[in-house]
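The values are calculated or read from the model by the stated rules, or taken from the named source; none is laboratory data. For clarity, every value in this text was computed on a predicted model and none was experimentally measured. Reconstructed Cβ throughout: ideal geometry from the backbone, glycine too, with neighbour counts over all protein chains shown. The protein model used for the area step is the full one, side chains on, heavy atoms only, and it has no ligands, DNA or RNA in it. Shrake-Rupley method; radii C 1.70, N 1.55, O 1.52, S 1.80 Å.
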Amino acid sequence: MYHDALEKDAENALNTARLKTEKLLADDEAMDLMSILERYCDILMESRMERIDKLSGDSVEAIVGILATSSRIDSPELITLSQALALQYPNLTSDEAVKAHLATKLVKHVTPNRPSQTAVDETMVTIAKSYGVPDWEPPFLLPGDRSEIHGLSAGVNLSSFSLQLLPFQSSTRRD
């Protein structure tokens, strides 16, 4: 009975760690998108004197990018900007315009997916290594991922990770 309770606690901790890792990866994607949208806003500020009928390619890409992805970021200002751009450039709101002008780097942000099990496992192994647990391996590791995960480079950026996201390291922490 005690052994079953320990196994259940370990399973719950692993599930919590997986969910938190998925959230970290999703937040990282959102930060990437925000960075791109900030650059697009800069482009629009620089080109605000352009005539509506003679927009540069960069301006068109920025407008379409903002229109297509602004709903992915929780920012009232960005929503307001998107609405204003849609009113000013209605010809850039069509599916054809989006397909023609959406930058390749934004495609993954238009309809984001959950992070793959492989990405979550790799991130969890990297976090474990950075906190001094070098031999930790996720249970149910996919066969093809074992060599990939053990070959991770030490140059992975963990600036957005913190110790509180490692419930599998300590059974006393509950978030």
Query raised in the report: For segment 159-173, does any single residue satisfy the condition of being surrounded by fewer than 16 Cβ atoms within 10 Å (Cβ to Cβ), at pLDDT below 85, assigned to a loop (DSSP other than H, G, I, E, B) and not polar (S, T, N, Q)?
Result: yes
Query raised in the report: Based on what the data block shows, is Leu67 modelled with pLDDT of 90 or more, in contact with a Ser or Thr (Cβ under 7 Å, 6 or more places away or on another chain), open to solvent by less than 60 Å² (accessible area, probe 1.4 Å) and of a type in the set (A, V, I, L, M, F, W, C)?
Result: yes
Query raised in the report: Name the helices (runs of 4 or more DSSP H) wholly within segment 1-104 that hold at least 2 residues that are hydroxyl-bearing (Ser, Thr, Tyr)?
Result: 2-46, 57-69, 76-88
**Report entry** Flag if Leu85 is under 24 Å from the mean Cα position of the chain (by Cα), among the hydrophobic types (A, V, I, L, M, F, W, C) and surrounded by 13 or more Cβ atoms within 10 Å (Cβ to Cβ)
**Finding:** no
Query raised in the report: In segment 88-130, which residues are touching a residue at least 24 places away in the same chain (Cβ under 8 Å), over 21 Å from Leu44 (Cα atoms) and either touching a strand residue (DSSP E or B) at 6+ places or on another chain (Cβ under 9 Å) or surrounded by fewer than 16 Cβ atoms within 10 Å (Cβ to Cβ) (or both)?
Result: Lys108, Pro112, Arg114, Gln117, Thr118, Ala119, Ser130
